[in-house]
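Undergrad: Got a structure for you, questions after.
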């Protein structure tokens, strides 16, 4: 019988931990600036959820909204202004950006010490090298936290990540193979050009689906007793679902995340933790890098 991994409950525990830590420190408290370009309904919804989480934990949120006609140079100017503002601890550019704006250029323009999303090349490079002091992207960090808090063994296990995005697949692979708690896995990254994917998937002790295709992972791809983490989220007439055929896979899995209520809440929880970490570094408090 599978054990459902309740990401919503674990995220709520982390929110309370962050709130208590901010209360203990005192002072002005952390602050996080959101930059939202255009009127993408999904992006607006994500930002609202992040702002609500900030309010519950004592993080001051600042929202800068811009029309979809915003010039790239004006967005870069706002990023530079926030980088120089000592009262701002984190800056998050909500993706996706309009197609005429160079996303890579925008990510590179962020101050890596305020890049609480962890997408700046310097932070990604630190993750790849296993160097402390950077920021880890929130969704991969949230997945590792889910596994650790669910007492799921990672070390020595075969982890298969289906999906090679810069937001999830690549950084998660680096994170799970680190020589530290929550790492030491044997990691395989599969994608659209992978051959014999079903055979590879059936050998995985830990299967993470981040492919962006509704119901892509079926029962035929899952080994009995495997841990299954579903990163996908899709809206349909039947409701919200993920990259995993939950009904077919759940009976086989030892642990599985639901959609919604699995990885999604953890992404926001890790954003709060990264913002708190940035604040502690900036006010010269010695943070615990392993939190």
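Rule-based calculations on the coordinates, nothing more; no lab input. Only a predicted model underlies this, so the values are computations on that prediction, with no experimental measurement involved. All Cβ positions, glycine included, derive from the backbone under ideal geometry; neighbour counts span all protein chains shown.
Undergrad: Under the rule of -39500 (n - 2.57) per DSSP H run of 4 or more residues, summed and divided by the residues of the chain, what mean residue ellipticity at 222 nm is obtained, to the nearest 500 deg cm²/dmol? Can you show the working numbers first?
TA: Numbers: 10 runs with 113 residues, N = 291.
Calculated from helices alone, the mean residue ellipticity at 222 nm is -12000 deg cm²/dmol.
Undergrad: Which order, highest average first, do 218-227, 146-155 follow once you tally other Cβ atoms within 10 Å for each residue and take the mean per peptide? Write down the numbers at each step before the final one.
TA: Working: 218-227: 18.1, 146-155: 16.1.
Ranked by mean Cβ neighbours within 10 Å, highest first: 218-227, 146-155.
Undergrad: I'd like to know how the range 108-156 sits against the 2.2 N^0.38 Å rule of thumb: what's its Cα Rg over that expected value? Mind dumping the intermediate values first?
TA: Working: Rg = 12.4 Å, N = 49, 2.2 N^0.38 = 9.7 Å.
Scaled against compact globular proteins, the figure is 1.28.
Undergrad: Between 0 and 90 degrees, rounded to the nearest ten: what's the tilt of helix 41-57 against the longest Cα principal axis of the chain?
TA: Rounded to the nearest ten degrees, it is 70.
Undergrad: How compact and how long is the range 138-264, expressed as Rg and Dmax of its alpha-carbon atoms in Å?
TA: In order Rg, Dmax, the Cα atoms of the range 138-264 give 13.2, 44 Å.
Undergrad: Listing 179, 51 from the residue with the fewest other Cβ atoms within 10 Å to the one with the most, what is the order?
TA: Working: 179 8, 51 16.
Lowest count first: 179, 51.
Undergrad: Separate question: What is the helix-to-structure angle for 263-282, meaning the angle in degrees between its Cα long axis and the longest Cα principal axis of the chain, kept from 0 to 90 and rounded to the nearest 10?
TA: 40
Undergrad: Could you tell me the largest-minus-smallest coordinate of the C-alpha atoms of the range 27-111 on each of the three principal axes, in descending order and whole angstroms?
TA: 40, 29, 18
Undergrad: Still on this structure, I have one more. Based on other C-beta atoms within 10 Å, arrange 15, 193, 158 from fewest to most.
TA: Details: 15 19, 193 7, 158 16.
Listing 15, 193, 158 from fewest to most nearby Cβ atoms yields 193, 158, 15.
Undergrad: Return one number: the angle in degrees, 0 to 90 and rounded to the nearest 10, between the long axis of the Cα atoms of helix 138-149 and the longest principal axis of the Cα atoms of the chain.
TA: Helix 138-149 sits at roughly 60 degrees to that axis.
Undergrad: For the chain, what Kirkwood radius comes out of the mean inverse Cα-Cα distance, in Å?
TA: Working: mean 1/r = 0.0511 Å⁻¹.
19.6 Å is the Kirkwood radius here.
Undergrad: Order of 91-103, 112-124 by packing, highest average Cβ count within 10 Å first?
TA: On the way: 91-103: 17.2, 112-124: 21.8.
Result, highest mean Cβ count within 10 Å first: 112-124, 91-103.
Undergrad: Among 205, 89, rank each residue by its count of other Cβ atoms within 10 Å, from fewest to most, as a rough exposure measure.
TA: Numbers: 205 19, 89 27.
Taking fewest neighbouring Cβ atoms as first place, the list is 205, 89.
Undergrad: Now for a separate question. Taking 7 Å along the Cα-to-C-beta vector as the label spot, tell me the residue 28-residue 219 distance in nanometres, rounded to one decimal.
TA: 5.7
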